[in-house]
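To start, the structure itself, in structure tokens.
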């Protein structure tokens with residue numbers, strides 16, 4: 001699942017990073033856990049925190065029930081081998 005580049009950055013730019021985020025929140029007598037991954041295109045001068053906030057905001061739009069969840073894991077790596 002990729003963060004839509006049309007919303008965050010120009011479409012013609014190739015994604016610069018791959019990301020993975022796991023969220024968790026209490027539900028009833030247990031916990032709901034959600035993991036998602038995708039690619040992200042960083043703007044020049046963007047920080048890791050900028051990427052985290054953009055990705056988290058996008059996930060909150062995609063899965064509003066997880067908007068108040070805690071982040072258990074976040075990885076952001078260059079999108080190259």
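What is the residue count in the stretch 18-48 for residues that are closer than 13 Å to residue 77 by Cα and within 11 Å of the chain's Cα centre (by Cα)? Steps first, answer last, please.
Our first condition is that a residue be closer than 13 Å to residue 77 by Cα; within the stretch 18-48, this holds for 18-21, 37-42, 47-48.
Next cut, within 11 Å of the chain's Cα centre (by Cα) only: 18-21, 37-40.
So the answer is 8.
What is the residue count in the stretch 42-81 for residues that are touching a helix residue (DSSP H, G or I) at 6+ places or on another chain (Cβ under 7 Å), part of a loop (DSSP other than H, G, I, E, B) and either modelled with pLDDT of 95 or more or more than 17 Å from residue 15 (Cα to Cα) (or both)?
Summing the residues that are touching a helix residue (DSSP H, G or I) at 6+ places or on another chain (Cβ under 7 Å), part of a loop (DSSP other than H, G, I, E, B) and either modelled with pLDDT of 95 or more or more than 17 Å from residue 15 (Cα to Cα) (or both) in the stretch 42-81 gives 1.
Taking only pairs six or more apart or across chains, which ones have beta-carbon atoms under 8 Å, a first residue in the stretch 57-73 that is over 11 Å from residue 34 (Cα atoms), and a second residue that is modelled with pLDDT under 95?
Correct list of pairs: 58/3; 58/4; 58/7; 58/8; 62/1.
Give the number of residues within the stretch 5-27 that are surrounded by fewer than 16 Cβ atoms within 10 Å (Cβ to Cβ) and modelled with pLDDT under 95. It would help to see each step written out before you state the result.
Pass one, the stretch 5-27, residues surrounded by fewer than 16 Cβ atoms within 10 Å (Cβ to Cβ): 6-7, 10-14, 20, 25-27.
Those left that are additionally modelled with pLDDT under 95: 6-7, 10-14.
Residues meeting the conditions: 7.
The values are calculated or read from the model by the stated rules, or taken from the named source; none is laboratory data. No experiment lies behind these values; they were computed from the predicted model shown. Cβ atoms come from the backbone with ideal geometry, glycine included; neighbour counts cover every protein chain shown.
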